[in-house]
Number of protein chains: 6
Amino acid sequence: MGTLIANPTRCAAPTYRREEPTHTKGANSMADDWLTTLITATPQEGFELAITLSRRGVKYTQPDTDVLHQLRPDYANSADSLTAASQVVATNFQTVAAANNYWR
Amino acid sequence: MGTLIANPTRCAAPTYRREEPTHTKGANSMADDWLTTLITATPQEGFELAITLSRRGVKYTQPDTDVLHQLRPDYANSADSLTAASQVVATNFQTVAAANNYWR
Amino acid sequence: MGTLIANPTRCAAPTYRREEPTHTKGANSMADDWLTTLITATPQEGFELAITLSRRGVKYTQPDTDVLHQLRPDYANSADSLTAASQVVATNFQTVAAANNYWR
Amino acid sequence: MGTLIANPTRCAAPTYRREEPTHTKGANSMADDWLTTLITATPQEGFELAITLSRRGVKYTQPDTDVLHQLRPDYANSADSLTAASQVVATNFQTVAAANNYWR
Amino acid sequence: MGTLIANPTRCAAPTYRREEPTHTKGANSMADDWLTTLITATPQEGFELAITLSRRGVKYTQPDTDVLHQLRPDYANSADSLTAASQVVATNFQTVAAANNYWR
Amino acid sequence: MGTLIANPTRCAAPTYRREEPTHTKGANSMADDWLTTLITATPQEGFELAITLSRRGVKYTQPDTDVLHQLRPDYANSADSLTAASQVVATNFQTVAAANNYWR
């Protein structure tokens, strides 16, 4: 899965069991359509979409993949950094869960 | 219970008194279905699900269990880190509580 | 009242004037039922429940009471730590207030 | 007005032009009723109530007024601490504003 | 425009193209009415109101303008402080946007 | 794309495939209309608007472009700073997503 500051080739959406709809068509270019819907089939897919959104928030801010690579060790080996990442995911999960009416 | 950065074998969902529905089938693999519903029987189960979500936010970001083990002492012995963890749980609990219409 | 990182015997819910419903039956064991409802009689009781939730978020993460005792001085004597604690309480109060339809 | 970590005698609710309802009857004791409603006459009173809630979040966590006094200089003279305080106020203002249906 | 920790004479509301309603009548005194409505004509005015709310959150906490002046250089020259300020604004903008039903 | 603390000429809204409505008419002056609607055609455009809002939150606080330039290296090369930026974006995305009824 990688870290929030992920290897670009890992920045694609997590693997989905179903193929439709595809939240992320292409991960390497911001010009690509990577977010066409917030609707997911299951809560778990929604959580994984929240992770994608969190990574994208980083990538829009620092698109240089070399820099992201250099930062990864600092990041992924700090407890507080990991908690901060989980906070971002939790915030994005709120959005995705509301979009899906909480999969009720 | 362990810390937010938990022992992987402790990363499973907290013990539920009832068995259905199981929020976490398998904790060791992201490929597993671990989140099939946000609905819980009681507020307390909802709070415990919020803890599971918070831990998963960490684990997706740093899946290497050896690293997580090494980070645990720093983390669990810092007052500020514990408060930050409680902040993540509070954010996820907002989502779970809304999903359950606040168990009203 | 204690701090967010509270003495375990203080980790119980704040004193309620009314006895029903009891949000916290037993504070020393996670196995206990400590959260049976988010409904409170008054906004102030709701705020106090938010404090309980915030403390529980810490306690699930670090259940070792000896560690919590050791951390308390650092924590309760830091302005920034206290502000961070108030942030967690504010987040949980959002949940409790919504559950009670803002006591309107 | 004082700081988030306020002089206890300043921890009372901000001055209201109208006297009813009184959000804070007594500020020096947690046993007092200090929050009987989230409803305010105006948005500004709501903002001031959010400040009261933010201070109470600190005070429940550290009720020792001598400690709070000692912490005040660190706190009120740090830009980042002031921003963090404003974050807590913003979070509590969300709650108060929703309770008042945004004074529409 | 100034910073979140603004020159008091700059702490007034941002310039509005329309004059009614005035969110901030007087900025120099907390006793003044400075927030009479959350309703704005446009999203941009709403965003600017969110900035005013964020500054007020600081000013209620530290009303001493000499102190605020001294803190400004530290604050406005730190990337992390600016991001934290933007976080407060984002939180207040959630409130203002909801109050205006998102200007739909 | 640049960083949250962006080159002013990059502070304009991200490139849209469609031209209407234009969220940002002029980026160099706060006097310009830069936010006329929160409605976007797609979730991705909404996410990009959230980035614009996050940058504007910084720019209102520190409008001096020379300072922003000097801060950029510190910022864009810190993992924790990037996570904090992603947190701001996530918060603003909540607002934009709600405004668009989650593009359902």
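The values are calculated or read from the model by the stated rules, or taken from the named source; none is laboratory data. Small disclaimer: the values here were computed from a predicted structure and weren't measured. Ideal geometry is used to build each Cβ from the backbone, glycine not excepted, and the neighbour counts take in all protein chains shown. Each accessible area value is taken on the protein alone, full model and side chains, heavy atoms only, with ligands, DNA and RNA left out. Shrake-Rupley method; radii C 1.70, N 1.55, O 1.52, S 1.80 Å.
Placing a label point 7 Å from Cα along the Cα-to-Cβ axis, residue E:32 is separated from the same position in the other copies by 3.0, 3.0, 5.3, 5.3, 6.1 nm, shortest listed first.
Each residue of segment E:96-104 was assigned a 3J(HN,Hα) from its phi angle through the Karplus expression (A = 6.51, B = -1.76, C = 1.60, θ = phi - 60°), giving 5, 5, 5, 4, 9, 6, 6, 6, 6 Hz with x at Gly and Pro.
Note on segment F:44-104 and segment D:39-104: Cα centroid distance 25 Å, given to the nearest whole angstrom. A label point on residue C:104, set 7 Å along the Cα-to-Cβ line, lies at 1.0, 1.0, 1.7, 1.7, 2.0 nm from each of its counterparts in the other copies, closest listed first.
Here residue E:67 and residue A:69 are evaluated by their C-beta separation; at R0 = 51 Å the FRET efficiency comes out at 0.75. With label points defined 7 Å past Cα in the direction of Cβ, position residue C:73 shows copy-to-copy spacings of 2.1, 2.1, 3.6, 3.6, 4.2 nm, given to one decimal and shortest first.
Chains F and A: buried accessible surface, both sides, probe 1.4 Å, rounded to 100 Å²? Walk me through the intermediate numbers first.
On the way: alone 6220 and 6240 Å², together 9840 Å².
When F and A are taken together, about 2600 Å² of accessible area is lost.
Please compare each pair in A:59/F:59; D:59/E:59; A:59/B:59; D:59/F:59 to a cut-off of 24 Å on the Cα-Cα distance and tell me which ones are over it. Walk me through the numbers on the way to the answer.
Values: A:59/F:59 20 Å; D:59/E:59 20 Å; A:59/B:59 20 Å; D:59/F:59 34 Å.
From A:59/F:59; D:59/E:59; A:59/B:59; D:59/F:59, over 24 Å: D:59/F:59.
Computed over the Cα atoms, what is the radius of gyration of segment C:58-104 divided by 2.2 N^0.38 Å, N being its residue count? Cα Rg divided by the expected 2.2 N^0.38 Å: 1.49.
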